[in-house]
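Input: a single structure, listed below in structure tokens.
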Amino acid sequence: MTNNKYSVLLPTYNERENLPIITWLLARMFMEQQLDWEVVIIDDGSPDGTQDVAKQLQKVYGEDRIQLRPRAGKLGLGTAYVHGLQYATGNFIIIMDADFSHHPKFIPQMIKLQTENNYDIVSGTRYRPGGGVYGWDLKRKLVSRGANYLATLLLRPHASDLTGSFRLYKKDVLYQLINATLAKGYVFQMEMIVRARQFNYSVGEVPITFVDRVYGESKMGVSEITQYAQGVWRLFSTI
């Protein structure tokens, strides 16, 4: 076991079906890799009992492994990471979704790449050879590709997947990027990578397969797409 500790920030809203399984997969992976770890669950007042499930998981794995840090309501993805980072005790932070879109099996590859190259950030990418997307219809694939193409064309961030939310950060790097990032919704992920280029942080990429959520409904809507386009233009105009 190394001296590193990995804190997984897991924002949740109505994830009671997914949370026990994703936690088990994470725990198994970390134990197999002999890594020190914790999961910080940031729940935005889920009405489906997600927090009750999280409390049961604390009994199973221990409160030193599972932190529950709830908020009063849906306050945005970016602020969820800000909230969770306050409580994370690891020197590396992993951000991912709780709905199986991001499988923990890719985390060892991300850690290995970071360790070998001392990257500040390692991003899971759907758009490199070996990566892909499953479960999306053509419209959603076109929206995602279009969003990445628009940001790449205007901002040139030197990264292939700007809208993905499966990443490994050095804790101090994430802290600085969060403080510099203005967006708080789905634009947050894209702006973080653009700011990383601005601060000359190194970014590595690991191909991942993204699978559409198993239980529940997607939280992406027209307003998020509009916010993204506005965010790209704002960054283009200011950076």
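Each residue of the stretch 96-109 is assigned a 3J(HN,Hα), and the resulting list reads 6, 8, 8, 9, 6, 4, 10, 8, x, 4, 7, 4, x, 5 Hz, derived from the Karplus form 6.51 cos²θ - 1.76 cosθ + 1.60 (θ = phi - 60°), x at Gly and Pro.
Would you mind getting the Kirkwood hydrodynamic radius of the stretch 58-97 from its Cα pairs, rounded to one decimal in Å? Walk me through the numbers before you get to the answer.
Details: mean 1/r = 0.0865 Å⁻¹.
About 11.6 Å, per the Kirkwood formula over Cα pairs.
Among the listed pairs LYS112/LYS171; LYS5/LYS170; LYS74/LYS105; LYS59/LYS105; LYS5/LYS105; LYS112/LYS170, those with a Cα-Cα distance over 19 Å are LYS74/LYS105; LYS59/LYS105.
Under the definition of Cα pairs under 8 Å and six or more residues apart, what whole-number percent is the relative contact order of the stretch 40-114? Walk me through the numbers before you get to the answer.
Details: 52 pairs, mean separation 24.5, N = 75.
Result for the stretch 40-114 is 33 percent.
Within the accessible surface of the stretch 1-104, defined with a 1.4 Å probe on protein heavy atoms only, the carbon and sulfur portion equals 48 percent. Database remark: amide H of VAL39 closer than 5 angstrom to the amide H of VAL8, ILE66, GLN67 (H placed geometrically; neighbours at sequence offset of 5 or more, or on other chains; Pro and chain starts carry no H).
Determine the dipole magnitude for the stretch 1-71: charges of +1 sit on the beta-carbon of Lys and Arg, -1 on that of Asp and Glu, nothing else is charged, the reference point is the Cα centre, and the result goes in debye to the nearest 20. In debye, rounded to 20, the stretch 1-71 gives about 120.
The values are calculated or read from the model by the stated rules, or taken from the named source; none is laboratory data. Treat the numbers as computed from the prediction; the structure is a model and nothing was measured. Counting neighbours? That spans all protein chains shown, and the Cβs are built from the backbone with ideal geometry, glycine included. For the accessible areas, the whole protein counts, side chains as well, though only heavy atoms, and no ligand, DNA or RNA atoms are used. Shrake-Rupley method; radii C 1.70, N 1.55, O 1.52, S 1.80 Å.
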